[in-house]
Amino acid sequence: MHYHVPSGERGVSIEMNAKTAAENTDPAIQFQDVTYGPDGSFPRTIVNNIRFSVASGQTLVLLGRSGSGKTTLLKLINSLFVPTSGQVVVRGRPTTDWDPIRLRRGIGYVIQDAGLFPHFTVAQNIALVPSLEKWDATRTAARVSELLSLVGLEPAQYRHRRTHELSGGQRQRVGVARALAADPPILLMDEPFGALDPVTRAELQREFSALARRLGKTIVFVTHDLREALLLASRIILLENGRIIADASPQEFPRIDHPEVQAFTACLTPLPGALA
C-alpha cells in the first residue's frame, strides 16, 4: 500500500549465483528516523527524518530530482556517511557497529560509467574484491568467467581487455559483474545506466530487470528517470528536498495525488508532435 507525506538479450547462465528470487519479510536494510548533515550539522541537513525498510530480495528504487538526497542514502547504507541522528541498520546491525571494510565488502556498488580501474584488465577489475578476500587463483578465475557469462560477455573474448577497449554498455556490464564478484547479498546502484545512449540503456535495463528477478539480491537503485523506476522496481520511494514524499509499488505510484509525483508522471507523456 502506498502513502505520501505532505511535507518522503541475451540468455545468461546464473547457476552459481541463483537464489530464491521471492522476497521475504526480513528487512535487509532499515532507516530509523535518520537525519544527515555535513560534519554532523543540523542546520545544514541533506536528508531528514528518513524512515523505511527494505525487505530481503526487494528492488527498491530511490527516485527524485538532482539534489533530493538519493545518493546520500546510498552512502549512509555503506557507511561512507554516518547519520547525524537516528540509525541505519544493515543485516541486523547498525552501520556504526560494523567494521566499515567488512560492511562494504558485503555490499556491491555500481556507479555511473562503472568506475573501473583503467590500468586493470577486465578480469582484474572483476576480481578486485575476491583478491582482497584472499581467494585462490583457480577460484577467482572461475568466478570471473562465470560473471562475464552472467552479464552477456564472452569470457575468452573480454577477460584480458582494458577498459578503453570496451563500449559504454560493456563497461557497465563489467561494473555489474565486479559488484557481484564476492556474491554480496546487497547491491547499491547509483544511476548506473544514466550515461549511456538511449538504445544501449534500454537494452541494459531489460537485461538487469531479468537478472535481478533471478538473483534475488536486495537492491537499492538510484535514478531520476520514472520510466526506469517503473521498469526495475518492486517498490519506489520518491524524495524531495531530503524527505520522503511517496512510497509505493510501480502499479500504485502513478496514481498518487501529490504535485511532485504528478511532475514525474507528466514526463511520461510524449511531447506534441513526437509521434507524428
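Would you check if His160 is out of contact with any Asp or Glu (no Cβ under 8 Å at 6 or more places or on another chain) and not in a helix (DSSP H, G or I)?
Criteria met by His160.
Only residues that are at positive phi and not in a loop (DSSP other than H, G, I, E, B): list them for region 65-106, please.
Listed by number, the list holds a single entry, Gly86.
Restricting to region 130-166, what's the tally of residues that are closer than 27 Å to Arg206 by Cβ and of a type in the set (A, V, I, L, M, F, W, C)?
Residues flagged as closer than 27 Å to Arg206 by Cβ and of a type in the set (A, V, I, L, M, F, W, C) within region 130-166 amount to 8.
Among (1) touching a Ser or Thr at 6+ places or on another chain (Cβ under 8 Å); (2) under 28 Å from His224 (Cα atoms), where does Ser131 come up short?
The one condition Ser131 does not meet is (2).
To keep it simple, each residue is scored yes or no on (1) among the aliphatic types (A, V, I, L, M); (2) at pLDDT 95 or above.
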{"position": "Leu211", "(1), (2)": "yes, no"}
{"position": "Gly216", "(1), (2)": "no, no"}
{"position": "Asp225", "(1), (2)": "no, no"}
{"position": "Glu240", "(1), (2)": "no, yes"}
{"position": "Ile244", "(1), (2)": "yes, yes"}
{"position": "Ala248", "(1), (2)": "yes, yes"}
{"position": "Phe253", "(1), (2)": "no, yes"}
{"position": "Ile256", "(1), (2)": "yes, yes"}
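Go through region 104-136 residue by residue and tally those that are surrounded by 15 or more Cβ atoms within 10 Å (Cβ to Cβ), among the aliphatic types (A, V, I, L, M), under 30 Å from Asp26 (Cβ atoms) and over 16 Å from the mean Cα position of the chain (by Cα).
Here the count works out to 3.
Out of region 135-162, which residues are of a type in the set (Val, Ile, Thr) and either assigned by TED's automatic domain parsing to the domain that holds Glu203 or under 14 Å from Asp183 (Cβ atoms) (or both)?
Thr140, Val144
The values are calculated or read from the model by the stated rules, or taken from the named source; none is laboratory data. It should be emphasised that the depicted structure is a prediction, and the values quoted were computed from it without experimental measurement. In this analysis, Cβ positions are derived from the backbone assuming ideal geometry, glycine residues included, and neighbour counts consider all displayed protein chains.
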